[in-house]
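The values are calculated or read from the model by the stated rules, or taken from the named source; none is laboratory data. Bear in mind that the values here come from a model prediction, so they are computed numbers and not experimental data. Quick reminder, even Gly has a Cβ in these numbers, built from the backbone with ideal geometry, and neighbours come from all protein chains shown.
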Amino acid sequence: DSVLEVDYGMVVVNEPYWLTIDPQGSKITVVCLADTPDAEPLPDWLACDAGGFTITGELADTTTTLNVAVVPLSTEEAVIPNALVPLMVDEIDEPNGPGCPPKCVTRRGVVN
């Protein structure tokens, strides 16, 4: 599968926070680092931690920029208000040889 990794740069959020992103123009908001058992689970294609998040699968193939907002639940004040993150292709994996599917892309970006 293709992978898209976004690093929050100098920002580290060691508590539950809202993450809002817009892969391929579809805005989604999730709670990362949720500390309650009844918290809504993250979508299968998304993982997040204190320093960033990873998208796996089809959305990672074609997304070249991403709007990112990070808001801790405790303060409700954005630590990343709405950053446009360019995603560069870091690696291309063609396990069956060049030109043969699948073609898996690893994209990386850092919030400035």
Of residues in region 43-59 being of a type in the set (A, V, I, L, M) and surrounded by fewer than 16 Cβ atoms within 10 Å (Cβ to Cβ), the one farthest from ALA83 (Cα to Cα): ALA47
With respect to LEU33, determine if the residue is out of contact with any Gly (no Cβ under 6 Å at 6 or more places or on another chain), surrounded by 15 or more Cβ atoms within 10 Å (Cβ to Cβ), on the phi > 0 side of the Ramachandran plot and at pLDDT 95 or above. yes
Would you confirm whether or not region 5-12 contains a residue that is out of contact with any Lys or Arg (no Cβ under 8 Å at 6 or more places or on another chain), more than 19 Å from LEU87 (Cβ to Cβ) and at pLDDT 95 or above? yes
Select, from VAL105, VAL89, the only residue that is touching a helix residue (DSSP H, G or I) at 6+ places or on another chain (Cβ under 9 Å) and over 20 Å from MET10 (Cα atoms). VAL105
Do we have any residue at all in region 90-103 that's among the basic types (Lys, Arg) and in contact with a strand residue (DSSP E or B) (Cβ under 6 Å, 6 or more places away or on another chain)? no
In this structure, is THR20 under 21 Å from ALA83 (Cα atoms), of a type in the set (S, T, N, Q) and at pLDDT 95 or above? yes
Checking ILE28 against (1) under 20 Å from LEU84 (Cβ atoms); (2) surrounded by fewer than 16 Cβ atoms within 10 Å (Cβ to Cβ); (3) modelled with pLDDT under 95, the condition it does not meet: (3)
Within region 71-88, can one find any residue that is within 21 Å of LYS103 (Cβ to Cβ), without any contact (Cβ under 8 Å) to a residue 60 or more places away in the chain, of a type in the set (A, V, I, L, M) and in a helix (DSSP H, G or I)? no
